[in-house]
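Every number here is computed from the coordinates shown, using simple stated rules; none is lab data. Everything numeric here is computed off the predicted structure, so don't read it as measured data. Here Cβ is always computed from backbone atoms with ideal geometry, including for glycine, and neighbour counts include all displayed protein chains.
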Amino acid sequence: MLESSCMRLLRAGDSSGFCFNHKCFEALFCFRHMLADVKPNSVTFIAALAACAATGSLRYGKEIHAHVLRRGLASEGYVPNALLDLYVKCGHTGYAWAQFSAHGEKDVVSWNIMLAGFVAHGHGDIALSFFNEMLETGEHPDEVTFVALLCGCSRAGMVSQGWELFHRMTEEYSIVPNLKHYACMVDLLSRVGRLTQAYDFINRMPITPDAAVWGALLNGCRIHRHTELGELAAKFVLELEPNDAGYHVLLSDLYADAGKWAEVARVRKTMREKGLEQDYGCSWVEVKGDIHAFLTGDESHPQIKEINAVLHSIYERMKASGFDPIESYSLEDKEVSKDDVLCGHSERLAVAFGLINTTPGTSIFVTKNQYTCQSCHGILSMISKIVRREIIVRDTKEFHHFRDGSCSCGGSG
Ligand SMILES: [Zn+2]
Ligand SMILES: [Zn+2]
């Protein structure tokens, strides 16, 4: 009974965000109880490891790893890859690397997990050399391999390498590009400002572009302030994803950068009418084996006073050095800014809680279900410098390793 309900939980949902993570925690809790009563098989362990990877719960994950070893299941089926995925997603590339090297039989999935890990940590160049190593061992890349590589090229601005890989994929490996590959290519071109080329590329696609493809163009238009093409991209995006808060905000930013305030107000009004501004974020931090979750604007935590005091003293120190940590470019006082909608700033609470409740010098690992805004990025950089601690934040896009005032992603702040 317990086993079946536990499995149901472990397999629960492919949805994202708070609910999914909440289910994962429930599942892990259940799994711990289950270990005392029954003998889980490798399938159960794989599901539990996936739940740990999704929530960034390294300690639970290690616990499960120990059980896996004890039961001699470490090389059973997908277990080695589930372990790799766990360590990569929890930001422990060292463990992942040890796991990868120790495991004799690697398949394309193992290579792909490592590749995606390097990309998520902002090491597009390492991903490329790792790919060459993969080819040298005789492993055949698949479509997932190329999604990771193209994404890596796009983030690192490696346009020529991206094109070369895209062509090799089709010509050398006969892989038919899917929507993800196209979205990566449009992103690659748009980010460096080749907007017309990106638009032509979309028009020549043999399959119907989805919101991600148009969204990549829209994002490029925002970065390079090309309002006209941006509006066109937004029209397609919002037809396909009419209730996506992120795309609405992108469009609103495009207008804000162009000084078209009436248009900004119009998009904001639509968002309010659709109820898209109530999408709360959540961050998690593991302290002494327990997971603590913080919702955006959560004032109910028993330690909230201490948390706010820590943050306040950091803000004061930042202000003293000429950096305003709470600036946000809201249009009116009542307006919710882009950062409030897309970031929620919940990681600040989680990090402050971590600082209070862990030993000085130890690193803090936070997982969040939204992106990290520039303001939070700046604050976390500053905290890492002030308290001399490593802070790792895994957001929906990538890993940020903050150390001594700077971040691995190269982002500002
Ligand atoms: Zn933020
Ligand atoms: Zn960063």
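Note on 65, 301: ascending count of other Cβ atoms within 10 Å places them as 301, 65, the fewest first. Across region 45-129, the volume of the C-alpha convex hull divided among the residues equals 83 Å³ per residue. Ranked by the mean number of other Cβ atoms within 10 Å of their residues, highest first, the peptides 354-362, 149-157 fall in the order 149-157, 354-362. If each DSSP helix of 4+ residues adds -39,500 (n - 2.57) and the sum is divided by the residues in the chain, what number results at 222 nm, nearest 500 deg cm²/dmol? It comes out at -19500 deg cm²/dmol, rounded to the nearest 500.
Packing order of peptides 103-116, 191-204, 41-54, highest average first: 41-54, 103-116, 191-204 (average count of other Cβ atoms within 10 Å over each peptide's residues). Exceedance of the 31 Å cut-off in Cα-Cα distance is limited, within the set 89/269; 23/180; 23/274; 23/319, to 89/269; 23/319.
Computed extension length for residue 257-residue 133: 40.3 nm, one decimal, from 0.36 nm per residue of separation with the Cα-Cα distance subtracted.
Note on the chain: Kirkwood radius taken over Cα pairs, Stokes-Einstein applied at 37 °C and 0.692 mPa s, translational D equal to 143 µm² s⁻¹. Placing +1 on the Cβ of every Lys and Arg and -1 on the Cβ of every Asp and Glu, with no other charges, gives the chain a dipole of roughly 780 debye about its Cα centre. For region 150-203, the Stokes-Einstein estimate of translational diffusion at 20 °C and a viscosity of 1.002 mPa s comes to 195 µm²/s, using the Kirkwood hydrodynamic radius over alpha-carbon pairs. With all pairs of separate Cα atoms included, region 78-210 yields a Kirkwood hydrodynamic radius of 15.3 Å. Going from the fewest other Cβ atoms within 10 Å to the most, the residues 34, 205 appear in the order 205, 34. The charge dipole of region 107-210, taken about its Cα centre with unit charges on the Cβ of Lys, Arg, Asp and Glu (plus for the first two, minus for the last two), comes to roughly 500 debye.
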